[in-house]
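Worksheet: the structure to be examined is printed underneath.
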Amino acid sequence: YINGRFCPSLSKTTDEVKNLNSADFESGLSAETLDLLARLPDGHTDKLAAEVPDSSKGPLTSLEKLSGPDHSVGKATSQFAINNQQGTAAFAALNSVKAGSVAYVHASMKDASADSEEGEVASKPVLVVNAQTPSGGSASAEDDKGVAFHPRLLAVADDRSVLSLVQMCVDLNEDSEEAPCATFVNGYTQVYVGANANVTHSFLEESGGQVTSRVEISDQEAAEESIVSPREEEAKRPALRDTNFQAIDVHITGDEGAYAGSIMELGGCGRSRISISTCLLRP
């Protein structure tokens, strides 16, 4: 994806790893897929992604009831719930309205092992890249204008499947002559892990270029060394106007499902935040 748009010529897709656009929604996606995409995190909904067995009360479907009176989760729209999601619920809802396409990753049992009955080759890692140019694809060079991207990814690991997923946010054409434009990247990643499934998920955010070195020294120290103040240089970096918000919402819905996530943030955006929430609904 470049500047929020899917690039078929730079992508390798399959029936299980592909881009979903408006045509896919018009032709009809499965009800299950639509339900997963429609789900919003705590702060908007109290409904669990899967029922939790309870011998005394019956299947639990509410996060509030699951948490119990001493865990202080409360209503889905309570301030505690909003804080628990680090304020991402509103941005996840915005993404659901504004996202122009969805990166869809589906791991099935037949891809989990080279020794499967169907004789399938073991699945390879899936790499999803979101790149942006200095102009953000905007034709306007006005300083007061900006552009927004809303990357969306839905990953579903069926029972007894294996998935290795890597997401990257990177810069493209950093040395181009394009007039830099302020950008707002609002990403929303949903991961659902089935019974005995194993998901390894890595997220790398390195957009926004590099921060000016030695910004910790004072202006007086810079003057004594006869160098331009690093703070002044840093203040002029166009990427300081950029914002990158990422919300990762993980639900383990099957018995003995496993999820391992790794996050690395190296970017130089003015405002950057990666929030991850993992809901363990089965032991």
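Each reported figure results from applying straightforward, stated rules to the coordinates on display, with no laboratory input. Bear in mind that the values here come from a model prediction, so they are computed numbers and not experimental data. Neighbour counts are summed over all protein chains in view; Cβ atoms, including those assigned to glycine, are modelled from backbone coordinates with ideal geometry.
Evaluated over the chain, the count of Lys pairs having alpha-carbon atoms less than 30 Å apart is 18 (only pairs 8 or more residues apart or interchain). Taking only Cα atoms and a 10 Å spring cutoff, compute GNM fluctuations for the chain and point out the largest among A148, A89, A38. Comparing A148, A89, A38 in the GNM, the peak value goes to A38. Quick one: plug the Kirkwood hydrodynamic radius of the stretch 151-222 (C-alpha pairs) into Stokes-Einstein at 10 °C, 1.306 mPa s, and report D in µm²/s. This corresponds to a translational diffusion coefficient of 99 µm²/s.
Step by step: find N for the chain, compute 2.2 N^0.38 Å, then divide the Cα radius of gyration by it. What's the final number? Write down the numbers at each step before the final one.
Working: Rg = 21.5 Å, N = 283, 2.2 N^0.38 = 18.8 Å.
It is 1.14.
Once both axes come from the Cα atoms, what is the angle between helix 89-98 and the longest principal axis of the chain, in degrees from 0 to 90, rounded to 10? Roughly 90 degrees, rounded to the nearest 10.
Pairs of Cα atoms under 8 Å, at least six residues apart: use those to get the relative contact order of the chain, whole percent.
It rounds to 17 percent for the chain.
A Gaussian network model of the chain, with springs between Cα atoms under 10 Å, assigns the largest mean-square fluctuation among S164, S123, S218 to S218. Averaging 1/r across all pairs of distinct Cα atoms in the stretch 1-73 and inverting the result yields a Kirkwood radius of 15.9 Å. Here's how it looks for N244: its modeled amide H is under 5 Å from those of V185, R271, S272, R273, which are all 5 or more places away or on a different chain. Packing here is the average count of other Cβ atoms within 10 Å per residue, and on that basis the peptides 185-197, 221-233, highest first, run 185-197, 221-233.
With the contact rule set at Cα under 8 Å and sequence spacing of 6 or more, what percent relative contact order holds for the stretch 167-283?
Value for the stretch 167-283: 37 percent.
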